[in-house]
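The structure under discussion appears below in the form of structure tokens.
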Amino acid sequence: MIVYTLDSSAVLRFADNEAGSERMGEILKAGVTGRAQILISAVQWGEVAGRVRVHQGAHKEIGILSALLPTEVEIVPASGEQAVRAAHLKVDRKISYADAFALDLAMRSSEHVLVTADYGFKAVEDLARIEFLPTK
């Protein structure tokens, strides 16, 4: 079964109905129907929460977050071991620490696909399967 790992940029594209939101809808539907597993790192989910809070305000944050993703999306907590692997990716491959958590999840097996709108991940395409959403 294919496992989609979502980057915060992909979730925000979906939430804002921007380029790639249709593809994100297809991916979420695959999760709802059991054709795919969908993951997001707790660190990436925190990035989504922060951006929603900045743009929509604290009073709307909880409602928007609860409506954003179906319950079939698993928010994966960060372990100490993953934090160290993410730190290594950040230092060795020059990506953000938060992005390193998403990449680490996607690197778990060849069935994992990282879905992102962040073209900064081009620099690490050799490490994982990555699906880039269209540019805005």
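Could you compute how fast the chain diffuses translationally, taking Rh as the Kirkwood radius over C-alpha pairs and applying Stokes-Einstein at 4 °C with viscosity 1.567 mPa s? Give it in µm² per second.
So the translational diffusion coefficient is about 87 µm²/s.
Under the rule a/c < 1.5 gives rounded, and otherwise a/b versus b/c splits prolate from oblate, where does the range 1-47 land using the Cα gyration tensor?
On the way: a/c = 2.58, a/b = 1.18, b/c = 2.18.
Note, shape of the range 1-47 comes out oblate.
Rounded, prolate or oblate: which one fits the range 10-88, using the alpha carbon gyration tensor with axes a ≥ b ≥ c (rounded when a/c is under 1.5, else prolate when a/b beats b/c, else oblate)? Please report the intermediate quantities before stating the final value.
On the way: a/c = 1.82, a/b = 1.11, b/c = 1.63.
Oblate, because a/c is 1.5 or more while a/b does not exceed b/c.
Tell me which residues come under 5 Å, amide H to amide H, from His112 once H is placed; ignore anything under 5 positions away on its chain.
Under 5 Å from the amide H of His112: Val3.
Sum up the lysine pairs in the range 2-132 that clear both bars: alpha-carbon distance under 27 Å and a spacing of 8 or more or different chains. Each step should come with its number before you reach the end.
Numbers: Lys29/Lys60; Lys29/Lys122; Lys90/Lys122; Lys94/Lys122.
Lysine pairs meeting the criterion: 4.
Among Thr116, Thr33, which comes first, then next, by fewest other beta-carbon atoms within 10 Å? The partial results should precede the final answer.
On the way: Thr116 27, Thr33 9.
Final ranking by Cβ density, sparse to dense: Thr33, Thr116.
A short reminder: the numbers here are calculations on the coordinates, not readings from a lab. Just so we're clear, the structure is a prediction, and the values are computed from it rather than from any experiment. Here Cβ is always computed from backbone atoms with ideal geometry, including for glycine, and neighbour counts include all displayed protein chains.
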